[in-house]
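Take a look at the structure set out below.
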């Protein structure tokens with residue numbers, strides 16, 4: 001019999017320790033938000049990955065978008081979080097991303113097909129890491145309730161119509177149909193940026209530093225005035241405090257506004273939720289004196305440093321990026337592909353309704369009208385430093401807590417402070 005610490009017992013234990021252990025199953029947790037069915041489609045693709053990779057389990061945690069914006073950054077700052085997340089604050093969260101390049105079988109494929117957007121995920125311009133890939137491209141832009149326009153006998157403005165012309169047309173529709181308000185914008189500094197740039201906001205100076213100028217102030221002034229005179233549905237921006245996100249699509253699908261400013265990612269949700277209730281359409285971004293622009297962007301699947309299974313994370317991301325799987329994702333979710341090869345071939349949106357296919361065409365063609373400032377804004381690492389103060393301060397002006405001049409001044413100061421904090 002061995003004593004507790006006899007040489008023979010220790011030798012036996014050492015020998016046992018050198019025996020090969022059975023592979024332990026790896027769980028990959030994926031935090032996913034969806035505008036339509038993105039997480040459901042991802043879960044179906046993940047099942048095929050699991051079948052090809054026995055021992056790896058992919059768990060899709062579907063959460064509200066608000067959780068991605070507000071809770072995920074807190075978790076990551078505390079050293080916690082999932083293995084993979086679907087995010088839109090591409091640069092702002094980059095310090096938490098995991099470089100999966102060492103775990104990819106074919107990094108060149110990722111560079112070839114996602115090369116134009118991979119830099120959006122990199123923490124510095126000189127970085128060559130692969131931290132994930134864009135699940136789709138998006139563009140901000142408006143939708144209109146065609147049925148309300150027809151009932152009001154108001155013509156839908158043309159492609160180069162200004163914001164003032166659109167607001168006036170929507171006012172007529174609202175009055176004629178007794179709709180609560182003419183229009184609404186998502187409660188988001190990202191959505192606000194397109195019209196601001198259209199009104200002449202440069203946002204950055206020649207050195208790339210933030211600037212608040214007359215164009216941005218004009219956009220703030222007009223937006224607040226539209227709320228004050230009832231053109232804008234006050235509940236969307238005025239119904240929340242701070243910089244909390246709120247979308248306008250719920251009000252749109254309930255027929256409470258004639259027009260909303262949201263984005264291409266809502267197409268699937270609109271065709272699913274509206275059905276035959278009324279006819280809707282995407283329309284080109286209205287113009288200001290400087291541009292007729294929305295903001296490009298999209299969501300990305302990113303690997304996170306909190307993962308304890310980096311090899312499996314890299315394998316799953318590479319599987320999702322395969323052309324067949326990526327094509328399935330964008331076609332079933334009605335999104336614009338960020339995959340260069342697939343973009344050239346085109347996507348068969350087999351399940352899309354005629355309205356959805358038309359909307360995808362409007363947004364795709366609108367990419368050519370995007371302002372260079374809009375691309376600069378989207379690629380700016382600290383763009384949330386611009387977006388969040390805009391939401392908070394503009395709302396205060398809308399509800400009467402401060403003047404437009406005060407709001408504009410505080411937005412600039414808040415942005416400066418936010419960038420300083422983010423750079424620490």
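None of the figures in this text is laboratory data; all of them are computed from the coordinates on show. Here the structure is a predicted model, which means the values were calculated and not measured. All Cβ positions, glycine included, derive from the backbone under ideal geometry; neighbour counts span all protein chains shown.
Remarks
- Using the Cβ-Cβ distance between residue 308 and residue 127 with R0 = 22 Å, the FRET efficiency computed as 1/(1 + (r/R0)^6) comes to roughly 0.40.
- Between residue 405 and residue 65, the simple spin-label model (points 7 angstrom out along Cα→Cβ) gives 3.6 nm.
- Taking 0.36 nm per residue of separation and subtracting the Cα-Cα distance, full extension of the segment from residue 225 to residue 278 would add 16.2 nm.
- Length added when fully stretched, residue 240-residue 344, from 0.36 nm per residue minus Cα-Cα: 33.2 nm
- Between 0 and 90°, nearest 10: helix 323-333 axis offset from the chain longest Cα axis: 40 degrees
- C-alpha center-to-center spacing [the range 130-201, the range 364-424] in angstrom: 19 Å
- Taking the C-alpha atoms only, the angle from helix 214-228 to the longest principal axis of the chain is near 70 degrees.
- Sequence-separation-based contact order of the chain, relative, with Cα cut under 8 Å and 6+ spacing, percent: 24 percent
- Distance in nm between pseudo-label sites at residue 424 and residue 50 (7 Å out along the Cβ direction from Cα): 4.3 nm
- Of the residues 67, 198, 307, the one that moves most in a GNM of the chain with alpha-carbon contacts below 10 Å is 67.
- Here the gap between residue 178 and residue 162, fully extended at 0.36 nm per residue and compared with their Cα-Cα distance, gives a gain of 3.4 nm.
- Expected 222 nm ellipticity per residue - DSSP helices of 4 or more, -39500 (n - 2.57), all of the chain, to 500: -13500 deg cm²/dmol
- Taking a ≥ b ≥ c as the square roots of the eigenvalues of the alpha carbon gyration tensor, the range 277-424 is oblate, as a/c is not under 1.5 and a/b does not beat b/c.
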